[in-house]
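Undergrad: Below is one structure. I have some questions about it.
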């Protein structure tokens, strides 16, 4: 196998690994944010709807009531769950793609080895 072909294969492999790593990082970030939302929902849930609470919106801390904040917080949490599911599917798909690529590469290398010996 030529040096150029080896470099191309290494670049493809590196690209797969970097893509998987980036998706895994996003999954971790979304999981952390999901847990934070869950914790806040569990904390605010039993409180009176008229109770004051504070919410950070675009870097500004604003005063609201629990009844104002809970629906938006639940919507955000639901959206995060959807994003997480999508990222997990994306990761699995890319992993399957990489696994297929590796199998094809191994078969190719096997046949090249057989034909050259």
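The values are calculated or read from the model by the stated rules, or taken from the named source; none is laboratory data. Not measured: the values here are computed from a predicted model. Don't worry about glycine lacking a Cβ; one is built from the backbone with ideal geometry, like all the others, and counts go over all protein chains shown.
Undergrad: Which is touching a helix residue (DSSP H, G or I) at 6+ places or on another chain (Cβ under 7 Å), modelled with pLDDT under 95 and part of a helix (DSSP H, G or I), of 70, 105, 115?
TA: None of the others qualify; the one that does is 105.
Undergrad: Now a separate question. Go through 94, 38 for me and flag whichever is closer than 30 Å to residue 10 by Cβ and either surrounded by 11 or more Cβ atoms within 10 Å (Cβ to Cβ) or modelled with pLDDT of 95 or more (or both).
TA: 94
Undergrad: Take residue 86 and tell me if it is in a helix (DSSP H, G or I), at pLDDT 95 or above and closer than 23 Å to residue 18 by Cβ.
TA: yes
Undergrad: Got a number for residues in the stretch 20-44 being in contact (Cβ under 8 Å) with a residue 60 or more places away in the chain and either more than 11 Å from the chain's Cα centre (by Cα) or under 17 Å from residue 82 (Cβ atoms) (or both)?
TA: Residues flagged as in contact (Cβ under 8 Å) with a residue 60 or more places away in the chain and either more than 11 Å from the chain's Cα centre (by Cα) or under 17 Å from residue 82 (Cβ atoms) (or both) within the stretch 20-44 amount to 3.
Undergrad: Can you pull out the residues in the stretch 103-116 that are without any contact (Cβ under 8 Å) to a residue 24 or more places away in the chain and surrounded by 11 or more Cβ atoms within 10 Å (Cβ to Cβ)?
TA: 108
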